[in-house]
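**Q** Encoded as structure tokens, here's the structure I'll be asking about.
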Amino acid sequence: MSDVQLSRSSLSTIELPVYSGIALADVTLVASEEQADAALRTLMAADVIGFDTESKPTFLKGEVSTGPHLVQLATEIQAYLFPISLAFGHAVLKTILESPQVMKIGFGLGNDRSVLKSRLGIEVKNLLDMGELLRGPGHRGTVGAKVAVAHFFGQKFQKSKRIGTSNWANSRLSAQQLLYAANDAQVALRVYGHGGKFRKIRPWVCLRRVKMPI
């Protein structure tokens, strides 16, 4: 099996079926203490969960981000979105994210750990960045979700720039925002499971590869 090294630019040259992602019915925007408690029970019962955050973008020079404004946690079948503006969810997030028993997996986590510590006093433990793990000799930077989904599933992971740069601090999030945020968290978990469920993944050794044009 030959090694195939993908890049975001190379993905535009091939036709791939669309990655379906999570259904809206399986996404919970945690807006009550009861929902937060249910999320806590479900997520703490998992060995591994998907993790990501979203922040309202900054557009002005020198403008300081006030994010994250949304924290996303996902199992293989359900995603829970926690608006940071709702204080009752902070204790639940702290319990889950600081748990050494639950592995948190994401893509491009970057400064997520530091901003959660500085804003909410949460010390994220047992965190794995798939973008770093999958980086191989042919990838100078971290591997993104789009490349990983194409590599492992032979599918196209669609991410709308318009939705990605929308106002995540808004008290009312659209269905498109909910799906975008939920998929950002769950896709890392699915890639982790597909590439070697709950075992160490050797960089860029997978079950299914996409043949790229030479």
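The values are calculated or read from the model by the stated rules, or taken from the named source; none is laboratory data. Values in this document were obtained by computation on a predicted structure and should not be read as measured data. Backbone-built Cβ (ideal geometry, glycine too); neighbour counts: all protein chains shown.
Yes or no, residue by residue, for (1) touching a residue at least 12 places away in the same chain (Cβ under 8 Å); (2) part of a strand (DSSP E or B); (3) touching a strand residue (DSSP E or B) at 6+ places or on another chain (Cβ under 8 Å); (4) surrounded by 17 or more Cβ atoms within 10 Å (Cβ to Cβ):
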position	(1), (2), (3), (4)
64	no, no, no, no
73	yes, yes, yes, yes
82	yes, yes, yes, yes
89	yes, no, yes, yes
95	yes, no, no, no
99	yes, no, no, no
104	yes, yes, yes, yes
108	yes, no, yes, yes
119	yes, no, no, no
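**Q** Let me ask another. Which number in (1) surrounded by 19 or more Cβ atoms within 10 Å (Cβ to Cβ); (2) more than 26 Å from residue 46 (Cα to Cα) marks the one condition that residue 164 misses?
**A** (1)
**Q** Please go through (1) modelled with pLDDT of 90 or more; (2) farther than 26 Å from residue 39 by Cβ for residue 143 and return the number of the only condition it doesn't satisfy.
**A** Evaluating residue 143 over (1) modelled with pLDDT of 90 or more; (2) farther than 26 Å from residue 39 by Cβ leaves (1) as the failure.
**Q** With the structure loaded, tell me whether residue 132 is in a helix (DSSP H, G or I) and surrounded by fewer than 16 Cβ atoms within 10 Å (Cβ to Cβ) or whether it fails that test. Break it down into steps so the answer makes sense when it comes.
**A** Details: in a helix (DSSP H, G or I): yes; surrounded by fewer than 16 Cβ atoms within 10 Å (Cβ to Cβ): yes.
Judged against the criteria, residue 132 is a match.
**Q** Applying the selection to segment 23-58, what residues are in contact with a His (Cβ under 6 Å, 6 or more places away or on another chain) and charged (D, E, K, R)? Spell out how you get there, then give the answer.
**A** To start, the set of residues in segment 23-58 that are in contact with a His (Cβ under 6 Å, 6 or more places away or on another chain) comprises 55-56.
Residue satisfying the conditions is 56 alone.
**Q** While we're on this one: State whether one or more residues within segment 11-31 are at pLDDT 90 or above, farther than 22 Å from residue 180 by Cα and part of a loop (DSSP other than H, G, I, E, B).
**A** no
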